[in-house]
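Below is one structure; the comments refer to it alone.
Just so you know, all these numbers are worked out from the coordinates, no wet-lab data involved. Small disclaimer: the values here were computed from a predicted structure and weren't measured. As a convention, Cβ positions derive from the backbone with ideal geometry for all residues, glycine included, and neighbour counts pool all protein chains shown.
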Amino acid sequence: MASSTLSSFSSLKFNLQTPRKITSTRRQRHSIFCPVSTSLSQKPPSSSDPLPSSTDHPKLPIKKIPGDYGIPLISPTKDRLDYFYFQGRELYFKSKIQKYQSTVYRANMPPGPFISSNPKVVVLLDGKSFPVLFDMSLVEKKDVFTGTYMPSTELTGGYRILSYLDPSEPNHANLKNLMFFLLKSRRDRVIPEFRSSFSELFETVESELSAKGKADFGGPSDQACFNFLARSLYGTNPADTKLGRDGPKLVSKWILFQLGPLLTLGLPWLLEDALIHTFRLPPFLVKKDYQKLYDFFYQASGWVLDEGEKMGIKRDEACHNLLFTTCFNSFGGMKLFFPNMVKWIGRSGVKLHRQLAEEIRSAVRSNGGKVTMAVMEKMPLMKSVVYEALRMEPPVPAQYGRAKRDFVIESHDSAFEIKEGELLFGFQPFATRDPKIFERGEEFVADRFIGEEGEKLLKHVLWSNGRETENPTVENKQCAGKDFVVLASRLLVVELFLRYDTFESEAVKSALGVSVTLKSLKRATF
């Protein structure tokens with residue numbers, strides 16, 4: 001199941017056609033894709049018809065959704081302060097689960113006043129209700145990529161980028177097909193460019209360890225990720241251009257201007273809340289930085305822009321989308337996920353490290369020393385470790401969708417009516433750690449996804465805006481580079497344990513996730 005999904009990346013048989021009109025909501029599998037399916041009929045429900053449901057066989061009695069939105073301005077502001085400072089994100093959600101005795105409830109989501117005009121959401125915090133956010137027959141994804149607010153289009157060349165488009169919008173299919181084209185065209189460069197870029201990372205880390213006795217992982221990792229993406233996808237080495245080594249710094253600053261309303265930077269809370277949570281950072285402050293990035297991508301992606309023109313996409317619009325997909329989606333995801341994965345593996349200790357080293361080296365040795373996608377399919381523990389890290393801390397923890405019509409949603413123990421126009425919010429780590437789905441769900445279990453029973457659980461790994469057992473199409477909002485990200489994550493684990501027997505690290509929270517410091521690296525001895 002999982003094996004065939006990733007191995008299909010090597011052929012990338014993407015459907016590069018404008019999507020045909022859907023006449024049935026139960027779509028058939030085609031090419032390598034498996035869109036989310038539903039049992040809804042096409043006709044709208046009449047007053048005498050039962051409401052459509054997010055499950056095929058609704059059984060539970062319908063209850064009123066608990067919770068309320070409180071006093072305008074005052075309650076959303078209080079909730080924002082609780083979320084960021086007085087409780088923290090996870091306690092904010094858990095306290096309301098306890099208060100309402102429900103994993104589905106009403107609440108305000110940051111940033112609230114004065115950035116978001118309407119912070120009201122229906123919160124979904126279990127693995128049964130959460131996947132409704134992937135069902136394009138029930139929810140709309142227009143302008144909800146970042147939640148209850150949308151960053152200024154001045155940050156993206158004046159365009160609403162692919163991530164903010166709903167599949168029903170005319171340009172969605174063309175832009176997503178352009179991303180498929182890019183991945184397909186450059187698939188043969190992914191492994192060699194990753195190994196080259198991350199060899200540079202480990203050499204940098206080893207030098208710093210030797211000089212200082214400890215080494216930062218995040219900075220060198222950011223540089224390696226940016227270099228890898230530029231080299232593998234566009235055939236351009238940033239160091240040989242005017243951009244030089246500034247890419248990661250410029251991207252991080254640009255992302256801050258988009259996600260600032262959802263971040264904490266460690267400043268005194270009164271100052272920070274006023275600075276980034278109450279009013280938008282003005283886009284002109286990052287305009288020159290963004291132009292440098294745009295110029296780099298415009299020069300490096302000419303052949304992709306040519307293909308975009310054939311699809312009817314203007315060159316500048318295509319370039320802004322390529323920049324966003326590469327820097328925000330891909331680089332941003334790796335910037336968050338790679339340190340988290342190193343953190344979980346580091347905490348798991350020497351025994352797991354030994355097992356991974358033995359499995360990885362044995363498989364590569366049997367393949368004549370070559371690292372390929374096929375040989376990585378023969379590393380079940382390594383694959384499970386990557387999936388478990390994605391389960392524990394998905395790089396994009398929040399998902400949103402607006403109800404297209406009235407329907408019924410189910411948690412494990414209750415059913416609730418959702419009204420047309422309501423904004424649904426799901427906090428993914430609660431869904432992917434759901435104790436009613438995952439035994440020891442709060443623990444990192446390295447071999448969780450090994451074997452037949454383990455693979456059955458992959459449908460509950462939801463990091464890509466879809467199930468791990470399904471695939472991106474122009475008709476859904478699943479990440480176009482889903483298999484690309486999994487492949488890159490596997491390559492990081494493979495490179496790590498081809499070079500080292502074990503390592504020691506420590507991790508602390510940071511504005512964009514976690515900061516990892518490597519304290520020792522033991523070179524491979526077998």
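A few points about this structure:
- The length gained by stretching the chain between Ser520 and Arg315 to full extension, at 0.36 nm per residue less their Cα-Cα distance, is 69.1 nm.
- A straight line joining the Cα centroids of segment 210-253 and segment 343-370 runs 26 Å.
- The ellipsoid equivalent to the alpha-carbon distribution of segment 404-460 has semi-axes of 30, 12, 11 angstrom, derived from the gyration tensor eigenvalues as √(5λ) and listed largest first.
- Once C-alpha pairs closer than 8 Å and six or more residues apart are averaged by separation and normalised to the residue number of segment 100-219, the relative contact order reads 15 percent.
- Sequentially through segment 438-455, phi angles give Karplus couplings (6.51, -1.76, 1.60; θ = phi - 60°) of 10, 5, 6, x, 7, 9, 7, 10, 4, 9, 4, 9, 8, x, 4, 5, x, 5 Hz, Gly and Pro residues having no value and appearing as x.
- Within segment 62-523, DSSP assigns beta bridges of which about 80% are antiparallel (rounded to the nearest 5).
- Taking 7 Å steps out from each Cα toward its Cβ at Glu200 and Arg365 produces label points 3.1 nm apart.
- Amide H partners (placed H, <5 Å) of Leu424, local residues excluded: Val122, Gly401, Arg402, Ala403
- Computed 3J(HN,Hα) for segment 271-284, one whole-Hz value per residue from the Karplus formula 6.51 cos²θ - 1.76 cosθ + 1.60 where θ = phi - 60°, is 5, 5, 5, 6, 6, 10, 9, 9, 9, 6, 5, x, x, 4, glycine and proline marked x.
- For Ala398, distant residues with modelled amide H under 5 Å away: Gln428
- Here the chain is treated as an ellipsoid with the same Cα gyration tensor; its semi-axes, largest first and in whole Å, are 35, 26, 26.
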